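Some notes on the structure that comes next.
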Amino acid sequence: MADHSKSSPLRTYFGVWIALLVGTFVTYEAAFIDLGRYNAIVALTIATIKALIVALFFMHLRHAHERLLKLVVIATVFFLFILIALSMADYGTRDMPVAPAAFAILRWS
Amino acid sequence: MSDSTVVGLHHEEQHRPEKLHHFAEPEQQRDAASFGMWIFLATEVMFFGGLFLAYLIYRRLYFPDFGAASKSINATLGATNTAVLICSSLTVVLAIWGAQTARRSLMIGSLVLTMLFGLVFLGIKGVEYKDKFDEHHVPGASFSFDHVPIPSHPDQYANPRHAEIFFALYFIMTGLHALHMVIGLGIFTWLLFMAWKGRFTPEYHTPLEVGGLYWHFVDIVWIYLFPLLYLIDRHP
């Protein structure tokens, strides 16, 4: 890791820091604007980008060469994805908790 | 391996006791330590992942009540805490860079700043918890959430039992996260002590890197907790 040029890590770190703060600010402000169902998508997309740049640059995954490490990280995300995707697909296709008309009004109004 | 190489290794080990016998190169030892922490973080992802899943299921089920409950927690404090943790992650990488470039003051100062940011985070959390306690939003016998309007339908009131589920998840998830912060502060106290003793050099600062990985993970968990818990349905 000490092989990389000494000046560029600092610029990268401060750039990532600014990006994270900007992302937080945008998330916060966007929450108060009515985007319908896209509020959650915007917030979680920004959160995922923030998590990604923390993992890639602060946790130095960007410069990791070991294939085993990359495998472990990708597998972790993959298993989390299965956990959430399949469980939500299960609940999402079950009987609705209240009558369909009432449920539709609750969900999409 | 020739005899001279083996002798050379033993000479190094007298100067650097942290080089362990079963590793061929310092690089390999460092990579193994980092890999071990990543494996642990994988288990932590599953640990928090289960709670996130429970949250997602109940949020989907009781969205309007969750919206009402979420509105009652302080999003400004939550956003501030997010910024605090982001700054602490920066100071962590600065500490490691300080070790890499033999800048002792920067390394130690950054470690101290990291811990200060962590304490600020916990302090703000304490303020939030106290607010919830005062408003009787802590699940249990004294919980009350009557006549709180649903954000998108102000003429309807939230179901207190469903709101109580939100608050249970809020306290469990942020509480578990705060516990991880406390453990992180303990780890960094030890790292600060070792840094102060001069144990870290540009060649060896593996505990800093490994502790940093843990700290960044705790930051990432909060990066997801903040929008999910605090910003459900904030637009009037």
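A short reminder: the numbers here are calculations on the coordinates, not readings from a lab. Nothing here was measured: the structure is a model prediction, and the numbers come from that model. Please note: Cβ atoms are built from the backbone with ideal geometry, for glycine as well, and neighbour counts cover all protein chains shown.
Calculate how steeply helix B:26-61 sits against the longest principal axis of the alpha-carbon atoms of chain B, using the helix alpha-carbon long axis, and give the answer as 0 to 90 degrees to the nearest 10.
Relative to chain B, helix B:26-61 is tipped by roughly 10 degrees.
Starting from the Cα gyration tensor of chain B, take the square roots of the eigenvalues, sort them a ≥ b ≥ c, and report rounded, prolate or oblate (rounded when a/c is under 1.5, otherwise prolate if a/b is larger than b/c, else oblate). It would help to have the intermediate numbers written out before the result.
Values: a/c = 3.66, a/b = 2.58, b/c = 1.42.
It is prolate, given that a/c is not under 1.5 and a/b is the larger ratio.
On full extension of the chain, what length is gained from B:T101 through B:E27, given 0.36 nm per residue of separation minus the C-alpha to C-alpha distance? Please report the intermediate quantities before stating the final value.
Working: separation 74, 0.36 × 74 = 26.64 nm, distance 1.73 nm.
Length gained between B:T101 and B:E27: 24.9 nm.
Given the Cα atoms of the protein assembly as shown, and with Rh set as the inverse mean 1/r over their pairs in the Kirkwood sense, what is Rg to Rh to two decimals?
Numbers: Rg = 23.1 Å, Rh = 22.1 Å.
Across the protein assembly as shown, the Cα-based Rg/Rh ratio is 1.04.
Relative to the longest principal axis of chain B, what angle (0 to 90°, nearest 10) does the C-alpha long axis of helix B:3-15 take?
So the inclination is approximately 60 degrees.
How much length is gained if the chain between A:A99 and A:L56 is pulled fully straight, taking 0.36 nm per residue apart and subtracting their Cα-Cα distance, in nm to one decimal? Please report the intermediate quantities before stating the final value.
On the way: separation 43, 0.36 × 43 = 15.48 nm, distance 4.63 nm.
Extending this stretch completely gives an extra 10.9 nm.
Can you tell me which of B:207-214, B:132-139, A:75-82, B:74-81 comes out highest on packing, and rank the rest after it, using the mean Cβ neighbours within 10 Å? The partial results should precede the final answer.
Working: B:207-214: 21.8, B:132-139: 15.0, A:75-82: 13.2, B:74-81: 17.9.
Top of the packing list down: B:207-214, B:74-81, B:132-139, A:75-82.
Pull up all non-local amide H partners of B:Q156: gap of 5 or more, or a different chain, and H-to-H distance under 5 Å with H placed in the peptide plane.
Close amide H contacts, sequence-distant or interchain: B:I150.
Between B:T201 and B:V127, with labels modelled 7 Å along Cα→Cβ, what's the label distance in nm to one decimal, could you check?
4.5 nm
Relative to the longest principal axis of the C-alpha atoms of chain B, give the angle of the C-alpha long axis of helix B:104-134, reported between 0 and 90° and rounded to the nearest 10°.
So the helix axis and the longest Cα principal axis differ by about 20 degrees.
Taking R0 as 35 Å, what FRET efficiency do you get between A:I49 and B:S142 from their Cβ-Cβ distance, rounded to the nearest 0.05?
Working: r = 40 Å, r/R0 = 1.16.
It comes to 0.30.
Of the options A:Y13, A:A104, A:Y28, report the single residue whose Cα projects farthest towards the positive end of the charge dipole of chain A (beta-carbon charges: Lys, Arg +1; Asp, Glu -1).
So the residue we want is A:Y13.
Give me the number: length gained by fully extending B:F40 to B:L119, i.e. 0.36 nm times residue separation minus the C-alpha to C-alpha distance, one decimal in nm.
The span from B:F40 to B:L119 would gain 26.0 nm if fully extended.
With θ set to phi - 60°, apply the Karplus curve 6.51 cos²θ - 1.76 cosθ + 1.60 along region B:177-186 and write out the HN-Hα couplings as whole Hz, x wherever there is a Gly or Pro.
5, 5, 4, 5, 5, 4, 4, x, 5, x
Based on the alpha-carbon gyration tensor of chain A and its eigenvalue square roots a ≥ b ≥ c, which shape applies: rounded if a/c is under 1.5, prolate if not and a/b is larger than b/c, or oblate?
Oblate is the answer for chain A, as a/c is 1.5 or above yet b/c matches or exceeds a/b.
Can you give me the Rg/Rh ratio for region A:1-63, using Cα atoms for both radii and the Kirkwood formula for Rh?
Values: Rg = 14.7 Å, Rh = 13.0 Å.
Reported Rg/Rh (Cα atoms, Kirkwood Rh): 1.13.
What nm value, rounded to one decimal, do you get for the distance between B:L53 and A:L10 when each label is placed 7 Å out toward the C-beta?
About 4.6 nm separates the two model spin labels.
Taking each residue of B:223-233 in turn, how many C-beta atoms of other protein chains fall within 10 Å of its C-beta, and what is the average?
Details: counts 11, 6, 1, 6, 14, 4, 0, 4, 9, 4, 4.
Partner Cβ neighbours, averaged per residue: 6.
For region B:46-106 and region B:172-198, compute the distance between their C-alpha centroids and round to whole Å.
15 Å
Starting from the Cα of B:K19, draw a straight line to each of the lysines and keep only those under 24 Å, dropping any in the same chain fewer than 8 residues away.
B:K197
Which of the helices in chain A, when you take each full DSSP H run, stretch at least 18 Å along the axis at their Cα atoms and have an average Kyte-Doolittle score of -1.0 or higher?
On the way: long enough: A:7-31 (37 Å, 0.88); A:38-53 (22 Å, 1.68); A:67-92 (36 Å, 1.90).
Membrane-span-like by this rule: A:7-31, A:38-53, A:67-92.
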